[in-house]
Ligand SMILES: Cc1ncc(COP(=O)(O)O)c(C=O)c1O
């Protein structure tokens, strides 16, 4: 077997010799054999759509859902595919029958697109938003206690929280949160759980049968190596009637529309099988990606072990190189395949730079400058964000990455970042 790291990348990934991919967390990267299968599915559809869509697609879809169900330990009748985690979250939040004044709790680290969906509910339907500040590094106990405090405070006010939206792994900085414990906490407090597991399948172990959240979505196009446009939405059986497709389509049924017993069981999956013309090639590439992971990578555990080891080793090495630190808590539970290292800001500029980070759009504009140099000159891309008084760079380990790639990306980032700090664009802000 080809060893993981650069050699594995050259053999199985389409990157080419120049690019150093260190940002799997944003859009994933698909192995060449899976891309080939994806193209075959697309060709099969495009060659004879009447045959493919009417007859061949549905059995393929069901087989793919059944295979993915094994991986997340779920009943396939509780799972549907959608295009991405944003759609998963929107599908739930925009069809659940909320009442004006219902409270939705979300952490300050919520993914902004999903946070905006909640804002939409506030503006359109009068939902009340509670935002929980989570300044990391926090221990798992601290995170759970903070949610608990809000649930208890709102219960004692007589208007309890209706739904909590939280991640499995926060996007930026990339941090695992104790989502299993939060799901349990929600159950104990009769709060609906909407888990944004955009980063979860292929990254963290999951048993939806054990966890039984109310709603859970996860991207297959991030950590599972499926081409973009493929996510899973889990809906707990108690909500099958109230969750409707997004867009509402041919298959719509009112919440209270009765069905005979066997159709009732597949009520959710039948509704979601076709919600408008599209290409379904990524949905039916899930098995191909899972087979690549099993047959070529050696299985989920081999992938997880290598990525975690590389993230920890790489993170520590970069922190040493930069003279900074890794964002980690006392349990060491924040790092997954993603690890965050504090960026190297020269000491004479640090105070001013961090002050500017708190001003609107500064980080966004700085990143636009730095990221372009990283991509165009160094053929890599290390994302950074401001969080709790520091600038953090998020490195993603993967089977095609080794610690030398971390070093290359870190050195490239530092050069690009220093160029920004020396630029007139930055200097003018200091005056
Ligand atoms: C935590 C989190 N939620 C949701 C999303 C949205 O995923 P998508 O763009 O596939 O909808 C992302 C994307 O990076 C994410 O990191």
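Just so it is clear, none of the values below were taken in a lab; they were calculated from the coordinates. Keep in mind that what you see is a predicted model, and the values were worked out from it rather than measured. Here Cβ is always computed from backbone atoms with ideal geometry, including for glycine, and neighbour counts include all displayed protein chains.
Among 322, 392, what is the fewest-to-most ranking by other Cβ atoms within 10 Å?
Least to most surrounded, the residues fall as 322, 392.
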May I ask for log10 I(q)/I(0) of segment 337-419 at q = 0.10, 0.12, 0.13, 0.15 Å⁻¹, from a Debye sum over the Cα atoms as equal point scatterers with solvent left out?
-0.24, -0.34, -0.40, -0.53
I'd like the distance separating the alpha-carbon centroids of segment 49-113 and segment 292-335, in whole Å.
29
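How much of the DSSP bridge set in the chain is antiparallel, in percent, rounded to the nearest 5?
Just about 55 percent of them are antiparallel.
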Taking springs between alpha-carbon atoms closer than 10 angstrom, which of 19, 335, 217 fluctuates most in the Gaussian network model of the chain?
19
How big is the antiparallel share of DSSP beta bridges in segment 39-290, given as a percent to the nearest 5?
40
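Restricting things to Cα coordinates, could you compute the convex hull volume per residue of segment 39-290 in Å³? Before the final figure, lay out each step's value.
Working: hull volume 32.0 nm³, N = 252.
Normalising the Cα hull of segment 39-290 by residue number yields 127 Å³.
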Indicate the gyration tensor shape class of segment 1-116 (rounded, prolate or oblate), computed on the Cα atoms with a ≥ b ≥ c the square roots of the eigenvalues: a/c under 1.5 is rounded; otherwise a/b larger than b/c is prolate and the rest oblate.
oblate
Hey, what number do you get for the chain at 222 nm if only DSSP H runs of n ≥ 4 count, each worth -39500 (n - 2.57), divided across all residues, to the nearest 500?
-14000 deg cm²/dmol
Given a 10 angstrom Cα cut-off, can you work out which residue in 354, 233, 259 is the most mobile in a GNM of the chain?
259
Please identify, among 214, 256, 78, the residue showing maximal mean-square fluctuation in a Gaussian network model of the chain using a 10 angstrom Cα cutoff.
256
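With contacts defined as alpha carbon pairs under 8 Å and 6 or more residues apart, what's the relative contact order of the chain in percent?
22
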On a full-extension model of 0.36 nm per residue, what is the gain between residue 205 and residue 291, subtracting their alpha-carbon distance, rounded to one decimal in nm?
29.2 nm
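Packing-wise, with mean Cβ within 10 Å as the measure, how do 265-271, 119-125 rank, highest first?
In decreasing order of mean packing, 265-271, 119-125 become 265-271, 119-125.
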Order of 187-195, 39-47 by packing, highest average Cβ count within 10 Å first?
187-195, 39-47
In whole percent, what relative contact order does segment 270-424 give with Cα contacts below 8 Å and a gap of six or more residues?
25
Per its Cα gyration tensor (rounded if a/c is under 1.5, else prolate when a/b beats b/c, else oblate), the chain is best filed as oblate
Run the numbers on segment 39-290 and let me know its relative contact order in percent, using alpha-carbon pairs under 8 Å that are six or more apart.
25
Could you please state, rounded to a whole Å, how far the C-alpha centre of segment 397-424 is from the C-alpha centre of segment 148-226?
32
